[in-house]
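The values are calculated or read from the model by the stated rules, or taken from the named source; none is laboratory data. All figures in this text were calculated on a predicted structure; none of them were measured in a lab. Cβ atoms come from the backbone with ideal geometry, glycine included; neighbour counts cover every protein chain shown.
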């Protein structure tokens, strides 16, 4: 029997059954890594978004977990199920992983109710992540809307880290939400706004009496900011309606499809390209995505 | 001939644009099969056929084609399903034109297959016989010996409330006298009945073909898929399978026309209609109601009458 | 190596296998209905059907399979994986089409990035005894799909029914493990001749007229074609085809829970279900049968070939035999090859 973990509070995972010559002794990609909820807080005024900070229960798991921005994990609540969430923390923020959960169904509701100190499971890192190698030496334009901003936080924090900042040139971020209360990561946004090595424009569709920032829809703000498309990669994540109106603006700014990336969502189960559920054409969103360029998407059926 | 009259009527309906679409039967790609056919052009009507293999309940397609005016070829049971669906307001009467055909009862292709040794390569009807041929055999079978269980007990072969009925009405039987299998079954002890049900349902593979073939199963979220509350799991646990079949049968109470589409769709050949037949008999006895006979009679489980029996309420 | 097994020795032979292996073979559940099951007695085996309803992939990829069990005691979770295989296995009597299908889904489960250990452990532990089809059905079109009624591909041992005996070919290392089985005798030359005769006769019966050459490229041009709306008209979305298809591999993962313990289970699922791609937000990219039918056919004849260079159909004909609406994939393929115009 293989046991993983130590101490009374660790989740122990065991492989049942006797080993025979024909058992492959391979890592089981369906077993969750045991994690503990270190911190949890509600992000938004409507209480629908909650950020969890998860810590590894086992040192080896923590060391083995290497990821890049844009990847995701399948979060497990034993008894309720699993659901995929983009990793909101950056690989440069050592030790724990952040996920922002939108309360929508069985698993996400359970993730909204669990307390600090509870154990959960993760499987990951999964997916392809953003093409950070391609971004080297280029400018990066990040456009986010609503709660799709999770993996964009990872991407921005990654490049703002001193070790990585000089890998890319200009960083421009346009982030919009419907109302000020629905903005995610308000602390990080405040910090980033103070920096001179990133141009951050935060906007809301509708302000409130305390809001002193920009008011305007993301596509219009993009038009206003008008970043140059020369040597620039754009990453856009947001609700379908925002993408629908923002995409033409990117075309007007002359961004070619090969330099516009997005992270897609689709109903997923296994997360590793076996159960068949999340395919778009011959590609699987979990394994070949979730990050795709628009040039790639053009060639695939509109199955999303 | 019925086939010719169906074609004529279909042509007329399409030419006059009374309907957008005709749903009927066409030649199947296998012996002993007809297949649902969808035609929109008057020139195509010669593809419509009528024979003893027209087993599908075409009413089930109406959910998919609800935005069109549809001309539908219906047997007795199919017409009953339509009446039941209209009472549930699934479609408006002027959306449909029913081409009713008094049913000669449909042939059970599975039993025909089992009656011969070897694959049937060709089959045709000849009078009251089915002539089947294989590589090294040719046999004539008496058609009436090979009818579907649901057809054997059918009491309403002439379509009710069809816009037009093609062919002469046929002789009917009363519901109570038509169910010898169920009467035999009722004589068994509860343990024997359970054993039978357990055995039949043990073959179930949860494919839900029975549900999809049934015109009355149109819920956007079936109870088996409900996550909250989760009534049953999705695996092959016998109690979950038994729960599914019992509850689905009960959901048919007062709604099932006895068409047998569920049983014919089942790849594991589970005898599903014995459950629904029994329920239909009970509904007749308790509420004097038969599905889809009277277009104005509301289904018993949707209404309350002061004369309803109450002795089971203790 | 070619050996022979007299039919009078068949049951003792099976018993000798069962002493060492878990034996999976077609078992009749009702007249005309059979599935692969682990047998407890040799007389349960029924090789008389052309093909059981449920395909041989079940032995490696069960319809309902526990992945792990868990138990919560206070703050501690005990998770026990059930990926192990207790005993080595034999499948007896799988048809060449079903075996071909297993080698196709091998690509999915034993992929380069992740290995599905549940499938892989069973696969590794299993010896496949295939059986030749001496009477292919008219609905069989394996020869159009790179297979054949006597195809030995993927079999460790291969049986040919000679009437009074079976010819037993030992084809692989796993197969050679049977060379010393006391019930297997040396095959004589007239046995081999008879085998060849039967093989020729069966091959002549096959109608290789389902043209799949170039179908992948054709489908590339047809993604938004009105063909899909037309072809799915008669389909009622009953899913029988996907549940009986030997190459279908979609599954669902769910947790089955009691208060403090439970299990994570995977069950076969079908892309033809209306709820298959329904997202929690309510958005459903495949909200009508048109998209779902397109997905099924494109997956078999375009997407799978793009990933693995092979068509995910073995021509077993189950979808044709069991479809309640007589949707015939052979017809559909021919229409696609004509560009999708009826």
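Out of everything in the range B:188-205 that is part of a loop (DSSP other than H, G, I, E, B) and more than 8 Å from every other protein chain (Cβ to nearest Cβ), what residue ends up being nearest to residue C:279 (Cα to Cα)?
B:204
Being touching a residue at least 24 places away in the same chain (Cβ under 8 Å), on the phi > 0 side of the Ramachandran plot and out of contact with any helix residue (DSSP H, G or I) (no Cβ under 6 Å at 6 or more places or on another chain) is true for just one of C:93, C:74. Which residue is that?
Going through C:93, C:74 in turn, the sole match is C:93.
Within the range C:134-221, which helices (runs of 4 or more DSSP H) (wholly inside it) include 1 or more residues that are in contact with a helix residue (DSSP H, G or I) (Cβ under 6 Å, 6 or more places away or on another chain) and in the same structural domain as residue C:312 (by TED's automatic domain parsing)?
Because the criterion is at least 1 residues that are in contact with a helix residue (DSSP H, G or I) (Cβ under 6 Å, 6 or more places away or on another chain) and in the same structural domain as residue C:312 (by TED's automatic domain parsing), the helices (runs of 4 or more DSSP H) in the range C:134-221 that meet it are C:215-220.
Can you tell me which residues in the range B:255-269 are over 25 Å from residue C:318 (Cβ atoms) and within 10 Å of the chain's Cα centre (by Cα)?
Step one: filter the range B:255-269 for residues over 25 Å from residue C:318 (Cβ atoms), giving B:255-258.
Residues satisfying the conditions are B:256, B:257, B:258.
Quickly run through the range C:23-45 and pick out the residues that are surrounded by fewer than 19 Cβ atoms within 10 Å (Cβ to Cβ), away from chain B (no Cβ under 12 Å) and not in a loop (DSSP other than H, G, I, E, B).
C:38, C:42, C:43, C:44, listed by residue number.
Give the residue that is nearest to the other protein chains (Cβ to nearest Cβ), with candidates limited to residues of the range A:101-140 that are crowded, with 22+ Cβ neighbours inside 10 Å and part of a strand (DSSP E or B).
Only one residue fits best here, namely A:119.
So if I check each of B:168, B:225, which one is over 23 Å from the mean Cα position of the chain (by Cα), assigned by TED's automatic domain parsing to the domain that holds residue B:264 and modelled with pLDDT under 95?
Numbers: B:168 fails: over 23 Å from the mean Cα position of the chain (by Cα).
Only one candidate passes the filter, namely B:225.
Within the range A:52-69, track down each residue that is in contact with a helix residue (DSSP H, G or I) (Cβ under 9 Å, 6 or more places away or on another chain) and not in a loop (DSSP other than H, G, I, E, B).
A:52, A:55, A:56
Enumerate the pairs (first residue in the range A:20-43 and more than 9 Å from every other protein chain (Cβ to nearest Cβ) and part of a loop (DSSP other than H, G, I, E, B); second residue anywhere and buried (at least 18 other Cβ atoms within 10 Å of the Cβ) and modelled with pLDDT of 85 or more) with beta-carbon separation below 6 Å, excluding pairs fewer than 6 apart on the same chain, so at least 6 apart or on different chains.
A:43/A:49; A:43/A:51; A:43/A:184
Let me spell it out: the conditions are (1) surrounded by fewer than 21 Cβ atoms within 10 Å (Cβ to Cβ); (2) modelled with pLDDT of 95 or more; (3) outside any helix (DSSP H, G or I), and residue B:72 meets all of them except one. Which number is the exception?
(1)
Where residues in the range B:232-264 are away from chain C (no Cβ under 13 Å) and assigned to a loop (DSSP other than H, G, I, E, B), which of them is farthest from residue B:78 (Cα to Cα)? Lay out the reasoning, then the answer.
Going residue by residue through the range B:232-264, those that are away from chain C (no Cβ under 13 Å) are B:242-258.
Add one more test, that the residue is assigned to a loop (DSSP other than H, G, I, E, B), and what stays is B:252-258.
Details: B:252: 15, B:253: 17, B:254: 15, B:255: 12, B:256: 10, B:257: 8, B:258: 9 Å.
Selected residue: B:253.
If the requirement is being assigned to a helix (DSSP H, G or I), assigned by TED's automatic domain parsing to the domain that holds residue A:146 and more than 27 Å from residue A:265 (Cα to Cα), which of these qualifies: A:230, A:193? Can you show your working first?
Details: A:230 fails: assigned to a helix (DSSP H, G or I).
Exactly one residue qualifies, and that residue is A:193.
Residue C:48 - would you say it is more than 11 Å from chain A (Cβ to nearest Cβ), over 13 Å from the mean Cα position of the chain (by Cα) and part of a strand (DSSP E or B)?
Judged against the criteria, residue C:48 is not a match.
How many of the residues making up the range A:67-85 are buried (at least 24 other Cβ atoms within 10 Å of the Cβ) and more than 14 Å from chain C (Cβ to nearest Cβ)?
4
Which of (1) outside any strand (DSSP E or B); (2) more than 7 Å from every other protein chain (Cβ to nearest Cβ); (3) more than 21 Å from residue C:256 (Cα to Cα) does residue C:118 not meet, given it meets every other one?
Of (1) outside any strand (DSSP E or B); (2) more than 7 Å from every other protein chain (Cβ to nearest Cβ); (3) more than 21 Å from residue C:256 (Cα to Cα), only one is false for residue C:118: (3).
Any chance you could count how many residues in the range B:28-49 are more than 14 Å from residue B:124 (Cβ to Cβ), surrounded by 20 or more Cβ atoms within 10 Å (Cβ to Cβ) and more than 9 Å from every other protein chain (Cβ to nearest Cβ)?
Adding up the residues that qualify gives 3.
For every residue, the table says whether it meets (1) more than 11 Å from chain A (Cβ to nearest Cβ); (2) closer than 30 Å to residue A:102 by Cβ.
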{"site": "C:251", "(1), (2)": "no, yes"}
{"site": "C:256", "(1), (2)": "no, yes"}
{"site": "C:266", "(1), (2)": "no, yes"}
{"site": "C:272", "(1), (2)": "yes, yes"}
{"site": "C:304", "(1), (2)": "no, no"}
{"site": "C:316", "(1), (2)": "yes, no"}
{"site": "C:327", "(1), (2)": "yes, no"}
{"site": "C:337", "(1), (2)": "yes, no"}
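Looking at this structure, is residue A:68 within 25 Å of residue C:111 (Cβ to Cβ) and at pLDDT 95 or above? Before the answer, list the steps.
On the way: within 25 Å of residue C:111 (Cβ to Cβ): yes; at pLDDT 95 or above: yes.
In short, yes.
So residue A:258 fits all but one of (1) in contact with a helix residue (DSSP H, G or I) (Cβ under 6 Å, 6 or more places away or on another chain); (2) crowded, with 24+ Cβ neighbours inside 10 Å; what number is the exception?
In the conditions (1) in contact with a helix residue (DSSP H, G or I) (Cβ under 6 Å, 6 or more places away or on another chain); (2) crowded, with 24+ Cβ neighbours inside 10 Å, residue A:258 misses (2) alone.
Could you list, in sequence order, all residues of the range A:272-304 that are more than 9 Å from every other protein chain (Cβ to nearest Cβ), over 22 Å from residue C:301 (Cβ atoms) and assigned to a loop (DSSP other than H, G, I, E, B)?
A:286, A:289, A:290
Just name the residue that is surrounded by the most Cβ atoms within 10 Å (Cβ to Cβ) out of those in the range C:121-133 that are within 14 Å of chain A (Cβ to nearest Cβ) and either within 15 Å of the chain's Cα centre (by Cα) or not in a helix (DSSP H, G or I) (or both).
Among residues in the range C:121-133 that are within 14 Å of chain A (Cβ to nearest Cβ) and either within 15 Å of the chain's Cα centre (by Cα) or not in a helix (DSSP H, G or I) (or both), the one surrounded by the most Cβ atoms within 10 Å (Cβ to Cβ) is C:128.
Restricting attention to helices (runs of 4 or more DSSP H) lying wholly within the range C:228-328, give those where 3 or more residues are out of contact with any helix residue (DSSP H, G or I) (no Cβ under 6 Å at 6 or more places or on another chain). Walk me through how you get there before you give the answer.
Details: elements: C:240-244, C:289-298, C:304-308, C:318-322.
Output list reads C:289-298, C:304-308.
Based on this model, can you work out whether residue A:255 counts as part of a helix (DSSP H, G or I) and touching a residue at least 24 places away in the same chain (Cβ under 8 Å)? Working first, answer last.
Working: part of a helix (DSSP H, G or I): no; touching a residue at least 24 places away in the same chain (Cβ under 8 Å): yes.
It is false that residue A:255 is part of a helix (DSSP H, G or I) and touching a residue at least 24 places away in the same chain (Cβ under 8 Å).
Going by the conditions given, is residue B:301 more than 14 Å from chain C (Cβ to nearest Cβ), closer than 15 Å to residue B:204 by Cβ, in a helix (DSSP H, G or I) and touching a residue at least 12 places away in the same chain (Cβ under 8 Å)?
So residue B:301 fails the test.
Taking residue B:82, is it surrounded by 22 or more Cβ atoms within 10 Å (Cβ to Cβ), closer than 28 Å to residue B:294 by Cβ, within 19 Å of the chain's Cα centre (by Cα) and in the same structural domain as residue B:257 (by TED's automatic domain parsing)? Please lay out each step first, then the result.
On the way: surrounded by 22 or more Cβ atoms within 10 Å (Cβ to Cβ): yes; closer than 28 Å to residue B:294 by Cβ: yes; within 19 Å of the chain's Cα centre (by Cα): yes; in the same structural domain as residue B:257 (by TED's automatic domain parsing): yes.
Criteria met by residue B:82.
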